[in-house]
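Asker: I have a structure I would like to understand better, so I am pasting it below and will then ask my questions one at a time.
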Amino acid sequence: MNSYKITTIGWWGAYPSAGEATSGYLLQSHGLNVLVDCGSGVLSGLQNYINLQNLDAVVLSHYHWDHIADIGCLQYAARILMDLGHLNKPLEIYGHAEDDNFSGLSYLQYSRGCAIDPQSALKLGAFKLSFCRNDHPDTCFSMRIEQANRCLAYIADTAWTDDLVGIAQNADLLLCESSLYDEYRGMIPGHLTAGEAGEIATCAGAKHLVLTHLPHFGNHEQLLEQAGKKFAGKIELATTGKVWLL
Ligand SMILES: [Zn+2]
Ligand SMILES: [Zn+2]
């Protein structure tokens, strides 16, 4: 039986299209529900899959709006649910503590900011998370999230770094930001092209590549083609509600 389920809540970069969401992924294993990133539209979409009182923790890659826009309303939800007696402990929100945004993760007795230590692994129930520092205008981390012998690598906003290959090593699923078409390589700092996502997948020996954090222009099928020139394995685009069982 598969015991590691990943559901795409949102996958747009920058802002969501109508009825959709920016970055947000629900990870479930053995009754534990962890949300990775909480962008615009994620709070609404998440409730298609779980009741909010069953959310155990949130882990944030960084503090750009397309990854955190719904945190404030999620904190209000925690407040209402606690006041109604449906939630009995503060919601844990994990993020880096390298700038002032960290303090915003704590909200009275309703949510508690928990600092990520990028040097050490984080255990959340059956999940083991490890982090690598991205190359992005503000501090951002990619993460490797293992459960038993299964592994998801999530590469959040970043330019190419060799560490990305390490964090994605032999991943069963590599969820990789692909903000750019190859022709924009080197022109927009802090983001990957589709071809670079494919290169990371190949160098890391990943089994399955999913392109996410997609742009609002061009034809996304071209991203698949460009990644496919660098990676011979399975590649797909993230879509709302898409589920993978590892
Ligand atoms: Zn960003
Ligand atoms: Zn972003």
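Rule-based calculations on the coordinates, nothing more; no lab input. Here the structure is a predicted model, which is why all the values come from computation and not from measurement. Reconstructed Cβ throughout: ideal geometry from the backbone, glycine too, with neighbour counts over all protein chains shown.
Asker: Under 8 Å for C-alpha pairs, at least 6 residues apart: give me the relative contact order for the stretch 61-216, rounded to a whole percent.
Answerer: Taking the mean separation of contacting Cα pairs over the length of the stretch 61-216, I get 15 percent.
Asker: Could you size up the charge dipole of the stretch 1-119 around its Cα centre, putting +1 on the beta carbon of Lys and Arg and -1 on that of Asp and Glu, and report it in debye to the nearest 20?
Answerer: I would put it at about 400 debye.
Asker: Another one. Principal axis lengths of the stretch 2-57 from Cα atoms, whole Å, largest first?
Answerer: 32, 21, 16
Asker: Place the peptides 7-17, 211-221 in order of packing, highest mean first, counting for every residue the other Cβ atoms within 10 Å and averaging per peptide.
Answerer: 7-17, 211-221
Asker: May I pose another question? Per residue of the stretch 209-222, what does 6.51 cos²θ - 1.76 cosθ + 1.60 with θ = phi - 60° give for ³J(HN,Hα)? Whole Hz please, x for Gly and Pro, Karplus curve as stated.
Answerer: 10, 10, 8, 9, 6, 8, x, 8, 8, x, 10, 4, 4, 5
Asker: Let me ask something else about it. For the stretch 202-246, what is the relative contact order in percent, using Cα pairs closer than 8 Å and at least 6 residues apart in sequence?
Answerer: After rounding, I find 49 percent.
Asker: Let me check against my output: what whole-number percent is the relative contact order of the stretch 115-159, with C-alpha pairs under 8 Å and at least 6 apart?
Answerer: 30
Asker: At q = 0.10 Å⁻¹, what log₁₀ I(q)/I(0) does the stretch 127-246 have when each alpha carbon counts as one equal point scatterer in the Debye sum?
Answerer: Relative scattering, expressed as log10 I(q)/I(0), comes to -0.25.
Asker: Rounded, prolate or oblate: pick one for the stretch 90-142, where a ≥ b ≥ c are the square roots of the eigenvalues of its C-alpha gyration tensor, a/c under 1.5 means rounded, and failing that, prolate if a/b is larger than b/c, else oblate.
Answerer: It is oblate, given that a/c is not under 1.5 and a/b is not larger than b/c.
Asker: Which three semi-axes in whole Å describe the equivalent ellipsoid of the stretch 121-170, each the square root of 5 times a Cα gyration tensor eigenvalue, listed largest first?
Answerer: 21, 12, 7
Asker: Another question, if that's okay. What is the spread of the Cα atoms of the stretch 46-163 along each of their three principal axes, largest first, in whole Å?
Answerer: 48, 34, 26
Asker: Ok, one more. What translational diffusion coefficient, in µm²/s and rounded to a whole number, does the Stokes-Einstein relation yield for the stretch 35-74 at 20 °C and a viscosity of 1.002 mPa s, taking the hydrodynamic radius as the Kirkwood radius over Cα pairs?
Answerer: Taking Rh from Cα pairs, D becomes 212 µm²/s.
Asker: Under 1.5 on a/c is rounded, so check that first for the stretch 175-246, then, if it is not, pick prolate when a/b is larger than b/c and oblate when it is not; a ≥ b ≥ c are the square roots of the alpha carbon gyration tensor eigenvalues.
Answerer: oblate
Asker: Which value in deg cm²/dmol, rounded to the nearest 500, describes the helix-derived mean residue ellipticity at 222 nm for the chain, given -39,500 (n - 2.57) per DSSP H run of n ≥ 4 and division by the residue count?
Answerer: Rounded to the nearest 500, it is -5000 deg cm²/dmol.
Asker: Restricting to bridges with both residues inside the chain, how much of the DSSP beta-bridge set is antiparallel, in percent to the nearest 5?
Answerer: Bridges in the chain that DSSP calls antiparallel: roughly 55 percent.
Asker: Quote the convex hull volume per residue of the stretch 5-245, based on C-alpha atoms, as a whole number of Å³.
Answerer: Per-residue hull volume (Cα only) is 109 Å³.
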